[in-house]
1. Taking the conditions exactly as written (out of contact with any helix residue (DSSP H, G or I) (no Cβ under 7 Å at 6 or more places or on another chain) and touching a residue at least 12 places away in the same chain (Cβ under 8 Å)), does residue 435 satisfy them or not?
2. I'd like to check which helices (runs of 4 or more DSSP H) are fully inside the stretch 487-595 and have at least 2 residues that are in contact with a helix residue (DSSP H, G or I) (Cβ under 7 Å, 6 or more places away or on another chain) and surrounded by 15 or more Cβ atoms within 10 Å (Cβ to Cβ).
3. Which members of the stretch 395-433 meet the condition of being at negative phi, assigned to a loop (DSSP other than H, G, I, E, B) and within 28 Å of the chain's Cα centre (by Cα)?
4. Residues of the stretch 101-110 being in a loop (DSSP other than H, G, I, E, B) and within 17 Å of residue 62 (Cα to Cα), which ones?
5. Within the stretch 50-70, work out how many residues are surrounded by 17 or more Cβ atoms within 10 Å (Cβ to Cβ) and within 28 Å of residue 135 (Cβ to Cβ).
6. Can you name every residue in the stretch 284-300 that is more than 20 Å from the chain's Cα centre (by Cα) and assigned to a helix (DSSP H, G or I)?
7. I'd like to know if the stretch 158-174 contains one or more residues that are in contact with a strand residue (DSSP E or B) (Cβ under 7 Å, 6 or more places away or on another chain), in the same structural domain as residue 515 (by the TED database) and over 17 Å from residue 218 (Cβ atoms).
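The values are calculated or read from the model by the stated rules, or taken from the named source; none is laboratory data. Since we're looking at a predicted model, the values are computed, not measured. When we count neighbours, we look across all protein chains shown, and the Cβ atoms used for this are built from the backbone with ideal geometry, even at glycine.
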C-alpha cells in the first residue's frame, strides 16, 4: 500500500519506488506530458506522466478530473532546475507515474474548486454544506492539525505532572437553576422527566475531588443553547481541570506553565511567566471590560469628579443619577478621525450607538493646547475643568477625546467597543503579538435586573475570599480568568468545600433551603463527608486553537461546526421528529400538524 504521504517526499527519496494515494489537486497538459498535483492531508507532490517514459499511465492521467482519488506507483526523480518550486516542501522532486489507478471519480460538478479555494473566496454557507470538501483544503487541514497538536501538547504536559488522571464525566445529567441555556432531552423510560446536556462538568469534577481523585483533567464536550457569534458554538470543547490541596497561587503557576508549553509546542514561542495580573476593578476602570486586549494602551479615564458640577447637562445629570463620565483619549486622533465620522450618521457614531450610546461627545486638542469641541461642551466647561480633563487624560496636541456618560455598565460597554474599533482603525495591533494576563478578585455576584435577584458572576460553587465571608453580597470571589488578546480563554476558581458556606451562597442567589436540597442535595451531602479544599479551571479549547491558528472564527478550527443560527448545513440538523417517536418520548404535546 502507501509508502509515504505526498508531503513527505524529499530529495533523499530520489531513485526510490513509491506508492502514493491522494486527490488530484490540478491537472496540466504540456504538449502531451501530463502533470498532476497530488494532494493528501500532508501536502502536495508533482506527478509526471510522459508518453515516452510512462506510456501506460498517460491515457488515464489525461482523463482525470480535479478531486478524483487515485493510486500512483512510480519513481522519485529530481526536478529540472528550471521547474523547481520553492513554495512547497516537495518542490525539488517529482514522481514519474509508471502506473495510475483510478480509485474513485468525481461524477458531479464541484460546488467550489478545492485547489483554488484559498485564493478564490467561497461563501461560508457553501463551505459548511460541503464541509468534507472544505476540510481537504490546506487551510482547514492545517487548522485541524493544529487542534490535534494542542490536545497532544495538553495531554503530554499533564501526564508528565504527578498524579493527573483523565476521567470521563456523564453527558446525560440534570438541569439546574443556573441552567437556563441547557439543552434538554426527554427520558423515554422515566415518563415526564428530562435529562440535560452538560454546560460543563463542574459538579462532577468537584465530586471527583470529594472522591479523592486529587488531580483530574478531561477534554470535555459541553453544550449551551445560547445566541451564537464568531467565538461561540452550541457544542464546544473544554480542557477541564480540578485539583485538591492546591492554593490559588499554585493553580495559577501550574496553568501558566501549561499555557507556555502549548505556545512553545505549537508556535515555537517562548511565553514569559508569570503573566501580568489585573483585578476585576482595575480592568473595568482602565478598559471597560473584564477581558481587555492589552496589545495596545488606549486606557479609559474617569472624569466624573472633575465634571460633576459642570454646566453640560448630559454629564451633570448622569453623575447626579449615580452614573459616571469616562473618556477614551486617542493620540493623533485629530489627524485620522474626522468630525463626520463621529457625528450622527458616521461609522464611529453608529459603533457607539450599537453599544448603547444615545450620542457621542468629543473634544479635540489643537496644536496651541486649546480645545475644540461641539459648542454644548465647549461653552459649558470652565477653563479649570478643561485643563483638569487634559491633565488627567494626559492629552497633548493632536489628541481626540471621546466621552461617554451614563450608568457604569453602559459607559464601559460603549468605550470598550470604541477602544477596540480605534485600535483596528489606527492599526495599533502588531502582528504575531500575544498578550496574556490574569483577571482576579471578581465580585461573587451580579444583579439580574430581569429577575430582580443576585446571581453568581461565575457559578455558585466559587469560594469567596476568606476576609469577605461576613458579607457575601459584596464579597470578592477567589476566581481567575485567563485572557489572551481580548479573548477569555480560561476561567476557574477555588471551590466551596464546606456545606455551611455553600448553603449561604445558595441563599444569596434566591434558592430556599428546600430548593437547594432538591437541586443540589447530592453536592451538599458530599460536602459533609470530608471533601478536601480544591479548585480548578476550564479552557475554551476552540477559542485557544482559533488564536493559535490566527483565525477570526472558531468555526474555522472545528471539523463540523454549526452556523450562527445553530444549524448544521451538512446534515440539515436540527430536524423534525415523526409523531410515533414523539409519542414514545411522551412529548406529544409539542407535536403540531405538519411538524
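1. yes
2. 499-508, 513-526, 541-548
3. Selection gives 426, 428, 429, 430, 431, 433.
4. 105, 106, 107
5. So the count comes out to 7.
6. Those that are more than 20 Å from the chain's Cα centre (by Cα) and assigned to a helix (DSSP H, G or I): 284, 285, 286.
7. For the stretch 158-174, residues in contact with a strand residue (DSSP E or B) (Cβ under 7 Å, 6 or more places away or on another chain), in the same structural domain as residue 515 (by the TED database) and over 17 Å from residue 218 (Cβ atoms): present.
Per-residue answers, yes or no, for (1) closer than 12 Å to residue 94 by Cβ; (2) under 40 Å from the mean Cα position of the chain (by Cα):
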{"residue": "7", "(1), (2)": "no, yes"}
{"residue": "14", "(1), (2)": "yes, no"}
{"residue": "18", "(1), (2)": "yes, no"}
{"residue": "23", "(1), (2)": "no, yes"}
{"residue": "31", "(1), (2)": "no, no"}
{"residue": "37", "(1), (2)": "yes, yes"}
{"residue": "40", "(1), (2)": "no, yes"}
{"residue": "43", "(1), (2)": "no, yes"}
